[in-house]
Amino acid sequence: MPYKLAIFDLDGTILSTLDDLTDSTNHALAVNGLPIRTTNEIRSFVGNGARLLIERAVPKGCPMDVTDKVFDEFRSYYAAHSDIKTCPYDGILDMLHELRKNGCRTAVLSNKPDFAVQTLCKQYFDGLLDFAAGEKNGIPRKPAPDSVNAILSELSVDRQDTVYIGDSDVDIDTAKNAGMDCISVDWGFRDRDFLLAHGAKNIASTAKELEAKILGA
């Protein structure tokens, strides 16, 4: 049975953002005289919002005031450099077109700051999403279900007709906490073994495979 709404995580799921996140994090670290991180280290730090990314990236025991400066620099730099190397994953645009052609509505929910989510979704997925939301002050971030529930209310779709799609354990837990089905993808920030170890039950390896799972083909 096809889903009526597909809610996607952004980074690592439909948009390849790791290089720009790495460059922006390392810029903020270097400006503050701190050692930079490898791409694989940054990959392991993402998924729980920008603040936690920076808290994980600074050296252990880093003073809070320094961490605050790194975070402020990251936000400023990333706002101006979030789309230098970023691009949709292979087949994602075609998949979104097919979902909408077949009557499936689409949304994005990310722990990335909302200003960046709106900018990137407008640039890469304009006209292909019914709703997009990022991290906002006062609203618990994923895996809390609050933002998922807000999307369901906004779009007037029942949770049993909705699937959440993501590339991490945070996304698996988000779907569980929201009481809805989950499809994991293994091309993002976490690999298949990691996903299986963290409870993934349904994994797609290509955009076409993901499309088929959403449409019940």
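A short reminder: the numbers here are calculations on the coordinates, not readings from a lab. Remember, it's a predicted structure, so these values are computed and weren't measured experimentally. Neighbour counts run over all protein chains shown; Cβ positions are idealised from the backbone, glycine included.
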Only one residue in Lys142, Lys176, Lys208 is under 19 Å from Leu93 (Cα atoms) and in contact (Cβ under 8 Å) with a residue 12 or more places away in the chain, so which one is that? Lys208
Can you tell me which condition Ile36 does not meet? The list is (1) touching a helix residue (DSSP H, G or I) at 6+ places or on another chain (Cβ under 7 Å); (2) assigned to a loop (DSSP other than H, G, I, E, B); (3) within 24 Å of Tyr89 (Cβ to Cβ), and all the others hold. (3)
Taking the condition among the small types (Gly, Ala, Ser) and over 27 Å from Ser76 (Cα atoms), does Ser147 pass? no
If the Cβ limit is 9 Å and pairs must be 6+ apart or interchain, which residue in segment 98-120 that is touching a residue at least 40 places away in the same chain (Cβ under 8 Å) and farther than 20 Å from Cys87 by Cα pairs with which residue that is crowded, with 21+ Cβ neighbours inside 10 Å and of a type in the set (Gly, Ala, Ser)? Cys104/Ala6; Arg105/Ala6
